Amino acid sequence: MNLSRWSLSMVILVWWTEQSVASLELGASCTNPVGEAGKCILFRECQPLVNIYNNPITTQQDTEFLTQSRCGMLQRKTLVCCAGSNQRSSLPEPPHCGVQLSDRILGGQLTEIDEFPWTALIQFQKPDGSFGFHCGGSLINERYVVTAAHCIYTDSEHRVRLGEWDLSTTNDCHEGFCSEAPIDLDIEKIVVHRNYNQFDGFKNDIALIRFTRPVKYSETVRPICLPLSESLRNRNHVGLPSYAAGWGKTKTAAASEVKLKVEMNVTSLQECARAYQHRVSLKTTHMCAGGVRGKDTCSGDSGGPLMRQIAGVWYLIGVVSFGQQKCGIAGVPGVYTNVAEYVDWIRDNIY
């Protein structure tokens, strides 16, 4: 490498290091210096810009293009607006998902405002034109929420709310922390699993909701990780603690105003099948958790997440599907859609 090339590289690197951090996050949509649409991604993953950088004959115009392409920083690594990388949504992997910014001890029922920032509320339009909440969901990237297929009403308009905690207030405050107002998102497309069958044990009870625009991540709006690798998909969760969160039915009310959480152990399908043997036939596409009196997900939690923390990262392992009409019965776990069985389906149906 000649001296001029080395000097130019140092100028670029110093500029990228010292400039103030832009507001875009990894995966956000952006526009590059010549007006082309792209995604804000790691510099090393944007081959066109890497090629410019590695070109031994780099012009001043090339240098300006590189520096003006910068769109943010991630753990001291440069993010750039890479044209052409917005053609298909990607699913984030750690450390870009499954991380809540608070580090609080889990326990009890009430969540903190910024706990489980991927929890979503599914809204449907009532006959009078107003919207009501009836289900939960999980944010998996800047354009998609995963929910249960039975949460989708074919004859109703839907919306998604993110960043919510207390339904009775606009800006939530708790223990000295106040959040921004929640976001209501219009829907571009809903994909219900083509083989969903409510009358066959809620078979394939899963759906994807795509927003009309990308969402900007914040302390209270962040994606959860999916079990993308083979090792995560094949992991046995039986007997291990998991958590569900939502605004569903409680002992004392039809629904909770504030986001709640519950800890439950994952139970084996064999044990779970005995509790439902006269009702449905459970398959590997199902997962069960709970069975302890008073600890359960309930009607309003449908579509919401069943989660486990693995190596410090939260993964979506289940989607709330169904249970007994009366929730929280000892010996009767709740039934969830086993997300590991649907990772390929999710990948094939996002764009």
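The values are calculated or read from the model by the stated rules, or taken from the named source; none is laboratory data. What you are looking at is a predicted structure, and each value in this text was computed from that prediction instead of being measured. Here the Cβ is made from the backbone with ideal geometry for all residues, glycine too, and neighbour counts use every protein chain on show. These area figures cover heavy atoms from the full protein model, side chains too; ligands, DNA and RNA do not enter into them. Shrake-Rupley method; radii C 1.70, N 1.55, O 1.52, S 1.80 Å.
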*Filter the range 222-245 down to the residues that are closer than 15 Å to PRO94 by Cα and of a type in the set (Ser, Thr, Tyr), then identify the one that is surrounded by the most Cβ atoms within 10 Å (Cβ to Cβ).*
SER229
*Quick check: is even one residue across the range 288-295 part of a strand (DSSP E or B) and either at pLDDT 90 or above or polar (S, T, N, Q) (or both)?*
yes
_Considering only residues that are among the hydroxyl-bearing types (Ser, Thr, Tyr), modelled with pLDDT of 95 or more and more than 24 Å from ALA275 (Cβ to Cβ), which ones fall in the range 300-351?_
TYR315
*Quick one: in the range 188-214, of everything that is among the hydrophobic types (A, V, I, L, M, F, W, C) and at pLDDT below 95, which residue is farthest from LEU269 (Cα to Cα)?*
PHE199
*Just name the residue that is surrounded by the most Cβ atoms within 10 Å (Cβ to Cβ) out of those in the range 54-76 that are in a helix (DSSP H, G or I) and within 34 Å of the chain's Cα centre (by Cα).*
LEU66
*Cβ pairs under 8 Å, 6+ apart, first in the range 133-158 and in contact (Cβ under 8 Å) with a residue 60 or more places away in the chain, second open to solvent by 30 Å² or more (accessible area, probe 1.4 Å) and in a strand (DSSP E or B)*: PHE133/ARG161; HIS134/PHE124; GLU142/SER29
*How many residues does the range 200-221 hold that are of a type in the set (Val, Ile, Thr), assigned to a loop (DSSP other than H, G, I, E, B) and surrounded by 20 or more Cβ atoms within 10 Å (Cβ to Cβ)?*
4
*Take the residues in the range 149-184 that are β-branched (Val, Ile, Thr) and within 15 Å of ALA120 (Cα to Cα), then tell me which one is least open to solvent (accessible area, probe 1.4 Å).*
VAL160
